[in-house]
Amino acid sequence: MAKQLAFHINSSQCGNCKACQIACKDKNNLPVGIIWRRVWQYGGMHCENPACVNACPAGAMIKRADGVVLVNADQCVGCRYCEWACPYGAPHYSEAKGVMTKCNFCEDLLAKGENPACVDACPMRAIEFGELSELRAKYGNAMDVEPLPASWMTQPAVVVTPHKHAQVSGKGTGHILDLVQEV
């Protein structure tokens with residue numbers, strides 16, 4: 001299997017401080033309303049079978065050999081098809097740039113051998129970064145947690161350590177308490 005980079009999220013350790021969210025916004029100079037790293041996080045799943053890549057008519061949404069899903073802004077026509085196709089809401093339209101944007105695993109930091117900004121900013125160490133197969137070997141293969149969409153849709157490259165009260169997705173009982181976030 002080819003290398004697939006991924007995040008491990010330990011939801012039982014997360015204190016909802018949003019330090020990861022602020023670090024991501026600061027590092028990427030994101031305007032108000034655009035949030036790539038959400039504390040209730042779906043965004044930036046870097047799926048093994050990304051619906052956003054398959055939906056992009058311009059070929060601007062790409063998946064690299066290491067599994068990182070990126071937007072080639074030079075090719076993006078801003079049609080938002082990727083946004084509509086993604087069950088996690090990961091791609092965001094930038095009004096200022098007229099193109100789609102999304103989490104890129106802080107590719108400039110990766111190139112220097114560093115962690116994504118959200119990982120290092122988390123005071124609870126609830127976010128880990130690495131190769132998907134290694135994270136699954138270390139933490140298991142939990143992905144289907146309410147209220148996330150079922151993993152069969154896109155095979156998200158994320159490993160979740162569920163909170164003790166978490167339920168399997170598909171029950172329809174999970175919900176997001178802070179759907180509107182202004183950071």
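Each value in this text was obtained by applying a stated rule to the coordinates, not by laboratory testing. The structure displayed is predicted, hence computed values, not measured ones. Heads up, the Cβs are rebuilt from the backbone with ideal geometry, glycines too, and the neighbour counts pull from every protein chain shown.
Things worth noting here:
- Residues whose placed amide H lies under 5 Å from that of Met100, excluding near-sequence neighbours: Gly78, Ser94
- Other residues whose C-beta falls under 14 angstrom from the C-beta of Tyr93 contribute a net charge of +1, scoring Lys and Arg +1 and Asp and Glu -1.
- Here the range 5-161 carries DSSP beta bridges of which approximately 75% are antiparallel, counting only pairs with both residues inside.
- A Förster radius of 35 Å, combined with the Cβ-Cβ distance separating Lys3 from Glu95, puts the computed FRET efficiency at roughly 0.50.
- Counting neighbouring Cβ atoms within 10 Å and putting the fewest first, the residues Lys102, Lys3, Lys25 line up as Lys3, Lys25, Lys102.
- Filter on Lys18/Lys97; Lys18/Lys138; Lys25/Lys97; Lys18/Lys63 - keep pairs with C-alpha separation over 20 Å: Lys18/Lys97; Lys18/Lys138; Lys18/Lys63
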